[in-house]
1. Take the residues of region 166-178 that are surrounded by 23 or more Cβ atoms within 10 Å (Cβ to Cβ) and more than 10 Å from the ligand (Cβ to nearest atom): which is nearest to residue 200 (Cα to Cα)?
2. So which residues in region 1-18 are open to solvent by less than 70 Å² (accessible area, probe 1.4 Å) and either small (Gly, Ala, Ser) or more than 18 Å from residue 66 (Cβ to Cβ) (or both), if there are any at all?
3. So in region 150-165, with the set limited to residues that are open to solvent by 10 Å² or more (accessible area, probe 1.4 Å) and within 16 Å of the ligand (Cβ to nearest atom), which one is nearest to residue 194 (Cα to Cα)?
4. Name the residue, out of 329, 307, that is in a loop (DSSP other than H, G, I, E, B), open to solvent by 40 Å² or more (accessible area, probe 1.4 Å) and touching a Lys or Arg at 6+ places or on another chain (Cβ under 6 Å).
5. Given the criterion among the small types (Gly, Ala, Ser), open to solvent by less than 40 Å² (accessible area, probe 1.4 Å), at pLDDT 95 or above and within 15 Å of the chain's Cα centre (by Cα), identify the matching residue among 208, 190.
6. Only one of 30, 83 is outside any loop (DSSP other than H, G, I, E, B) and touching a residue at least 24 places away in the same chain (Cβ under 8 Å); which?
7. So residue 108 clears everything in (1) of a type in the set (D, E, K, R); (2) open to solvent by less than 70 Å² (accessible area, probe 1.4 Å); (3) outside any loop (DSSP other than H, G, I, E, B) except one condition, right? Which one?
8. Conditions: (1) modelled with pLDDT of 95 or more; (2) open to solvent by less than 20 Å² (accessible area, probe 1.4 Å); (3) part of a loop (DSSP other than H, G, I, E, B). Residue 376 meets all but one. Number of the miss?
Amino acid sequence: MAEKKKGFSTRAIHDGQASDPLTGAVNVPIYASSTYVQEEIGKHKGYEYSRVSNPTRTALEENFASLESGTSAHVFASGMAAITALCTMMKTGDHVVCSDNMYGGTTRLFNQVLVNYGLEFTYVDTSNAENVERAIRPSTKLVHIETPTNPMMALTDIRAVAEICHRHGVELSVDNTFMSPYFQRPIELGADLVMHSTTKFLNGHSDGLGGVLIGTKPQHAETFAFVQKCTGAILSPFECWLLLRGVKTLAVRMRQHDANGRKVAEWLDQHAKVKKVFYPGLPDHPQYELAKRQMAGFGSMLSFDLGSLAAANRMLKKVHICALAESLGGVETLISHPASMTHAAIGEEGRRKLGITDGLVRISVGIEDVEDILADLEQALDAV
Ligand SMILES: *Cc1c(COP(=O)(O)O)cnc(C)c1O
């Protein structure tokens, strides 16, 4: 009889993390070792050199593969290193279709580095799946999407796009950083690959960078293990351990992030000084129905428009509990100004196309007491 798949929290705490066979320690140790003793020529315990593999990293990779319902996972030094590794699946002349509202660093990597190696990229609004189909060419190898997008919180129907990709023999990868596997598991919806900046919710404590690629096919595991060995942008054992520690509380953190996110979104939505709130959990979000179908929660990422740069600045100068900082997904509430921070590089015209106004403010709602977050926002909005 096949064993029933265990629940998410149980897998987050146990998968890949058997107690240490040597000592019984309940936590996987930080194997701070670059090399491994071999008994005789060619006879070793599975580890030879830590760029290739390391036991702390193996534990984390098994855990991530389980949480995303994939068959393999490979971790890298940052989210950007993971996306770089993903693109080594391609050769000169290959074409990628991607969301037009991606993480700025991803667009920069594609447009300013990878185009020099002959890869081609087309950006479309993937929230309409038909745009993806129209952009696919004979040379298309990959469709890469982010859902929800940053900071406009537009969704893409993963199942619909996966169906289009597979009809054309193209693979679909999803940057799942904003939702974490607790709220959204793209592979279960048909995606071939999932990528995360583990720097965000998976770590959850804003104390380390990392990235991961989760695959579903033997060639994904082979390719990404080979890339780890060849390019060397692997995650250190210490950072792997931080992630193993962080991921154990992913489920409880995400439930609290979601509860706080909903309250902050609703509160902002009725505030007189807020022009508009972008959050997939509000019934007036254009893809509210898709959000309910594709995600198990709405999460804690949202943005709202204060109408002008001056208004946004007045507010952001006054926050105390919310920290004005880039990044997201930590236990603390982080607040940012996309036009001057994360989306400065795409220029005014680029921002206008995506709807990113100068008065737009983004929040990654933390897991502090929500009354305190609301009180902080209230007093800061008084300055507007
Ligand atoms: C932060 C982020 C990245 C890049 O990850 P790093 O760990 O900063 O290199 C990629 N995609 C999304 C959606 C992100 O938020």
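The values are calculated or read from the model by the stated rules, or taken from the named source; none is laboratory data. As the structure is a prediction and not an experimental result, all values here were calculated from the model. Reconstructed Cβ throughout: ideal geometry from the backbone, glycine too, with neighbour counts over all protein chains shown. Calculation scope for accessible area: heavy atoms of the full protein, side chains included, ligands and nucleic acids excluded. Shrake-Rupley method; radii C 1.70, N 1.55, O 1.52, S 1.80 Å.
1. Going residue by residue through region 166-178, those that are surrounded by 23 or more Cβ atoms within 10 Å (Cβ to Cβ) are 172-178.
Subsequent filtering for residues that are more than 10 Å from the ligand (Cβ to nearest atom) retains 172-174.
Working: 172: 22, 173: 18, 174: 16 Å.
Filtering first and then ranking leaves 174.
2. 7, 9, 12, 16 - these are the residues of region 1-18 that are open to solvent by less than 70 Å² (accessible area, probe 1.4 Å) and either small (Gly, Ala, Ser) or more than 18 Å from residue 66 (Cβ to Cβ) (or both).
3. 154
4. Details: 329 fails: open to solvent by 40 Å² or more (accessible area, probe 1.4 Å).
The match here is 307.
5. Working: 190 fails: within 15 Å of the chain's Cα centre (by Cα).
Going through 208, 190 in turn, the sole match is 208.
6. Details: 30 fails: outside any loop (DSSP other than H, G, I, E, B).
Going through 30, 83 in turn, just one is outside any loop (DSSP other than H, G, I, E, B) and touching a residue at least 24 places away in the same chain (Cβ under 8 Å): 83.
7. Condition not satisfied by residue 108: (2).
8. Residue 376 satisfies all of (1) modelled with pLDDT of 95 or more; (2) open to solvent by less than 20 Å² (accessible area, probe 1.4 Å); (3) part of a loop (DSSP other than H, G, I, E, B) except (3).
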